[in-house]
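Below is one structure, written out as structure tokens, with a few remarks after it.
Bear in mind that the values in this text are calculations on the coordinates, not laboratory data. What you are looking at is a predicted structure, and each value in this text was computed from that prediction instead of being measured. Cβ atoms come from the backbone with ideal geometry, glycine included; neighbour counts cover every protein chain shown.
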């Protein structure tokens, strides 16, 4: 599932591609990407892009004439730019530009979402209204993080992935942030100390920054099958921890696989993690 950095890079690419350009034609195939919405309304998205905002994992387009679009990448959705006439596998919707380029929304598994509506209604849509604080767009201090997550009775990693509390974090960056902060994913939020909240807030920002740096460019590939795993803890079950050498463990939380180091992320709050937590210089494989 795309997370905040991947969606933010998609936003930046789209802003770059649409800058100074006009959409001369918009078209969409009949697919469940438009479940609950009308493809005919997508065809009205023409003219210049006025603004493109990201809230968590959602993109909010505003075109001239007051037309808007809510988009979610789902598990496999992505925007790509190609010359007119180029074949793009799994293209579900397209913006034809006055430059001769076409911006495709390609989605092989059809979990993405497109919902055209009046731009004035975008923030009133239920999917947007329920979102919590966005670490990149709104900022996130230790105090704000504790206010958002501290009263949750869920385990810490599950609470961090609750989009109504902190929006944009998913399985990958929640795990990465907890590793950087030296916190066990199964801790209860109420057990965290002020110093641990500060470490966690800093670690969330560090993980997002890492994701943004890794995904720069029009078609980032570091999450694709076969790509080198450049994460500190995610996907490293059964391998030595890059920081302490202990074997990285995995277990299921909230229906998702969690990765953690039993030494660097002690479940007992009285134990301190090894020095160097959260450093970008950890050995990569």
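Looking at the chain as a GNM with Cα springs under 10 Å, which of 155, 143, 126 has the largest mean-square fluctuation?
Greatest mean-square fluctuation among the candidates belongs to 126.
Once both labels are modelled 7 Å past Cα along the beta-carbon direction, what's the residue 190-residue 216 spacing in nm?
4.5 nm
Give the separation of the Cα centroids, the range 115-150 to the range 1-23, in Å.
Centre-to-centre (Cα) distance: 19 Å.
From Cα pairs below 8 angstrom and at least 6 apart in sequence, can you work out the relative contact order of the chain, rounded to a whole percent?
16 percent
In degrees between 0 and 90, to the nearest 10, how far off the longest principal axis of the chain does helix 194-214 point, with axes built from Cα atoms?
So the inclination is approximately 40 degrees.
Compute the angle between helix 4-18 and the longest alpha-carbon principal axis of the chain, please, reported from 0 to 90 degrees and rounded to the nearest 10.
30 degrees
Could you rank the peptides 2-15, 239-252 by their average count of other C-beta atoms within 10 Å per residue, with the highest value first?
Result, highest mean Cβ count within 10 Å first: 2-15, 239-252.
Tell me the angle of helix 171-181 to the major Cα principal axis of the chain, expressed in degrees between 0 and 90 and rounded to the nearest ten.
For helix 171-181, the angle is close to 40 degrees.
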